[in-house]
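Presented below is the structure to which this report refers.
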Amino acid sequence: GPRDAWIGWTPPLKFSRLRLVANNVRFLILPGLHPAHLASQVLTRNLKRLSADWERYYGHPLLLVETFVDATRFRGTCYRAAGWQALGLTRGFAKRGRGYVAHGQPKQVFVRAIHPQARHYLHSPLLASLPFSRKENRSMIDVNRLPLDGEGGLIEMLRTVVDPRKPRGLRHPVVTVVAIAVCAALSGARGFNAIAEWAKDLSRDTLQRLGSKRWTPPSEPTLRRVLQHLDADALDTKIGPWLLEHCPGESSAVSVDGKTLRRAHDAGQKPPHLLSAVLHQEGLVIAQREVGEKTNEIPKVPRLLAPLPLEGTVVTLDAMHTQAATARYLVEEKKADDLFTVKDNQPTLKQDIADLHLEALPPQHKTIDKAHGRLEVRRLWTSTELNGYLTFPYAAHVYVIQRETTNLVTGEFRTETVYGLTSLTPEEASPGRLLALNRGHWGIENRLHWVRDFVFDEDRCRIRKHAGAEVMAALRNLAISLLRLDGAVHIAPALRACAGNRLRPLRLIGLAMA
């Protein structure tokens, strides 16, 4: 109440703006050592990065933070010292299930604006006027964030790529050809002709720094022949671990899914199908393997994940991969955890979870999102009742997700129920984390497959001879990952920035000019 009055919110406006406010559940310095200004410094340093971190993970910024303080026990001194403002008392109600119950203990409401015009934006009738940091004028390409040059750098990694040509008469080493292809992909090149056009104006000095001893760049036939005959799986095996080395922090979740290169085949042949592994939060492609014509994705998962250090990581997979052998491989050999979706390919397992009728109970976690003309409500239930009964290995608990989607234009309503299981124990994964992991899995569609299809126009690419299609997909993955490492939020404008300045892709691969 005091917060809503301070902002000037009406109920409809509050409904659409509440996601821009975060609540601090608890902050307390326990008795013992008391370094000067510890509490206020911790709060202040967190708030300086909170909005940017929130936008990176959830896609939108924060404008305001709030917290509640029990005035009968605490004075809120650390909040006041960090610049928080006391607005008044709550009415003393607590949420119970779908309603509220009076507990008779009003709390003091404290707020702190993250943006200097937070109240204006929260009260603004137009959502488009919100200050997203990705729209601010900032450098998209910053080589200082990418320690690629020298030992352990990208050029050094590319020198280990095996040249498919015979050594006699070589004019351009394979490192030069692949480095040029990476730079061209960073500038939006979609085929061999585009790569050759990007390379034709390279200076002699740049060619030398790329490893060439020639004065002229490689021609289109040279680029095509080299790239078509590279070992695509070997190239991906080198790129993935290298990206993990340069990924800031430790990733907590990896999603695995496949994609078909729809037009990369001749008549009478099947199109190539690639299986990829992508970091949930960072959006980096850390592994990719081709799935052969006479097999499917399931037996390729161990080969895909074999070179990756996954200990302590959660691997999320769709219903196709809900297999006992995959679960054993992840837990026993990779020391990782799994999160599976259960559908009709496991009818008994699905029925066992459905028979619990968890939807009849109050949900353990609930989210509401309004975007793209839709209102989506997600509810999640978990249970350990089937532990010891299920024969599926390492199933620590099961979950049920119910999605209710309303089209705000047509009024169309649909509901969907998803069943799943995980090797994470309830202590390791709260209901909120399980829902975030389930949603994060489908980021591979939005952050990789969609980008390759609509930004690089991959589905209409006709490169189809030998391993050309798979190598070009690997180059696109590397370009997307390099831009994400550099902090690019949207890939299309980042590619345009590279295309408009030829030095930028060179800087991204670690060849910054003096």
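The values are calculated or read from the model by the stated rules, or taken from the named source; none is laboratory data. None of the values given here were measured: they were computed from a predicted structure. Don't worry about glycine lacking a Cβ; one is built from the backbone with ideal geometry, like all the others, and counts go over all protein chains shown. Just the protein is used for accessible areas: all its heavy atoms, side chains included, with ligands, DNA and RNA removed. Shrake-Rupley method; radii C 1.70, N 1.55, O 1.52, S 1.80 Å.
Laid out as a table, the results:
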item	result
Calculated log₁₀ intensity ratio I(q)/I(0) where the Debye formula runs over C-alpha points of segment 159-302, q = 0.10, 0.12, 0.19 Å⁻¹	-0.43, -0.62, -1.25
Rounded to the nearest 20 debye, dipole of segment 144-242 from Cβ charges on Lys, Arg, Asp, Glu	440 debye
Apportionment of accessible area to carbon and sulfur, segment 441-501, percent (1.4 Å)	54 percent
Compactness index (Cα Rg / 2.2 N^0.38 Å), segment 293-350	1.13
Cα pair distances of segment 390-506 binned at 10 Å [whole percent]	10, 26, 23, 26, 13, 1
Length gained when the stretch Lys14-Asp205 is fully extended (0.36 nm per residue, less Cα-Cα span)	62.9 nm
Phi-based couplings in Hz for segment 108-117 (Karplus 6.51, -1.76, 1.60; Gly and Pro marked x)	6, 9, 10, 10, 8, 6, 7, 9, x, 10
Positive-end residue, segment 253-305 charge dipole about Cα centroid, Cβ charges, pick of Leu284, Pro271, Ile298	Pro271
Rg/Rh (Cα only; Kirkwood hydrodynamic radius) as it applies to the chain	1.01
Crossing angle, helix 174-186 versus the chain [Cα axis fit, 0-90 degrees, rounded to tens]	40 degrees
Amide H within-cut-off set for Phe93, under 5 Å, with H built and near neighbours excluded	His103
Cβ charges +1 (Lys, Arg) and -1 (Asp, Glu), total dipole of segment 278-319, debye	160 debye
Accessible area in square angstrom per residue, the chain, 1.4 angstrom probe	52 Å²
Expected 222 nm ellipticity per residue - DSSP helices of 4 or more, -39500 (n - 2.57), all of the chain, to 500	-9500 deg cm²/dmol
Signed unit charges on C-beta, dipole axis of the chain, positive-most listed residue Ala253, Val25, Thr313	Val25
Fully extended contour minus Cα-Cα distance, from Val377 to Tyr100, at 0.36 nm per residue	97.8 nm
Cα Rg, Dmax, segment 251-356, angstrom units	15.1, 50
Cut-off under 5 Å, modelled amide H: who pairs with Ala396 long-range	Thr422, Ser423, Leu424
Value of Rg to Rh for segment 441-500 (Rh from inverse mean 1/r over Cα pairs, i.e. Kirkwood)	0.98
Compactness of segment 239-306 - radius of gyration and Dmax, Cα, Å	13.8, 46
Cut-off 16 Å, label 7 Å out along Cα→Cβ of Asn407, residues of segment 335-379 by amide N	371-376
Sites Thr417 and Arg159, calculated FRET efficiency, Cβ-Cβ separation with R0 56 Å, nearest 0.05	0.60
Of Gly440, Pro505, His490, farthest towards positive along the dipole that unit charges on Lys, Arg, Asp, Glu beta carbons give segment 363-514	Pro505
For Trp442, residues with placed amide H under 5 Å, excluding near neighbours	none
Within straight-line cross-link reach of Lys238, lysines at Cα separation under 21 Å, skipping those fewer than 8 residues along the same chain	Lys259, Lys300, Lys334
J(HN,Hα) series, segment 419-432, from Karplus relation 6.51 cos²θ - 1.76 cosθ + 1.60, nearest Hz, glycine and proline x	10, x, 8, 8, 7, 6, 7, x, 6, 7, 9, 6, x, x
Segment 294-399: antiparallel DSSP beta bridges as a percent of all, rounded to 5	70 percent
Cα centre as origin, Lys/Arg/Asp/Glu Cβ charges: the chain dipole, Debye	1580 debye
Calculated from backbone phi, Karplus (6.51, -1.76, 1.60) coupling profile of segment 23-38 in Hz, x at Gly/Pro	10, 7, 5, 7, 8, 8, 9, 6, x, x, 5, 9, x, 4, 6, 4
Computed FRET value (nearest 0.05) for Asp457 with Glu333, which takes r as the C-beta separation and R₀ as 35 Å	0.35
Compactness index (Cα Rg / 2.2 N^0.38 Å), segment 1-66	1.40
Relative contact order [Cα under 8 Å, 6+ residues apart], segment 414-514, whole percent	15 percent
